[in-house]
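Input: a single structure, listed below in structure tokens.
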Amino acid sequence: MNPLSIRNTKLRSPQKSTRKHPEVTIPAEHADDRHERWAEQEQAASAATRDIADVPAVEVITTTAVHLMSAAAVKLGLADDPNAQLDLDEARKLINALAGLITAGAPEISSAHASPLRDGLRSLQLAFREASPIQDEIGKGPGEKWTGPVT
């Protein structure tokens, strides 16, 4: 008989534990606070869900793009502490994500919204090229897969 086979094995329920479990109690002064906080958090989550339903897609797309731009700028060393914050690998990832979002979202958000985002993206791509000690080939830089070559 194969030791891994269970065909001829009878399945049994595990025995009930005879170990005594200590009773856990919450002091009365903490019980109400915790439940009140849970209720407040539940209300906040519910309100956020309702709020996001009211936000137009154009605003979600543009806000996301602005967050990606800001994060990429920081990683390119364009913020308060360039030496401590410079991380070109992270900047490349953020710029790629931004380029994909703008390229895919542009037809949905109109040129009035897409044009400034494209300008910001191009500025970040040029800043990346300037900050990088090893130059990417033209058309191989971050986001250039979606935007085309940036010079």
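Looking at this structure, is THR62 under 21 Å from the mean Cα position of the chain (by Cα) and surrounded by 11 or more Cβ atoms within 10 Å (Cβ to Cβ)?
On the way: under 21 Å from the mean Cα position of the chain (by Cα): yes; surrounded by 11 or more Cβ atoms within 10 Å (Cβ to Cβ): yes.
When the stated conditions are applied, THR62 passes them.
So which residues in the stretch 140-151 are part of a helix (DSSP H, G or I) and among the β-branched types (Val, Ile, Thr), if there are any at all? Talk me through it step by step, then tell me what you get.
Filtering the stretch 140-151 down to residues part of a helix (DSSP H, G or I) leaves 144-147.
Hit for the stretch 140-151 is THR147, nothing else.
Would you confirm whether or not the stretch 18-36 contains a residue that is at pLDDT 90 or above, surrounded by 10 or more Cβ atoms within 10 Å (Cβ to Cβ), in a helix (DSSP H, G or I) and not β-branched (Val, Ile, Thr)? Show your work before the answer.
Let us first name the residues in the stretch 18-36 that are at pLDDT 90 or above, namely none.
The answer is no; no qualifying residue exists.
The values are calculated or read from the model by the stated rules, or taken from the named source; none is laboratory data. Every value quoted in this text rests on a predicted model; they were computed, and no experiment measured them. Note: ideal-geometry Cβ built from the backbone for every residue, glycine included; neighbour counts use all protein chains shown.
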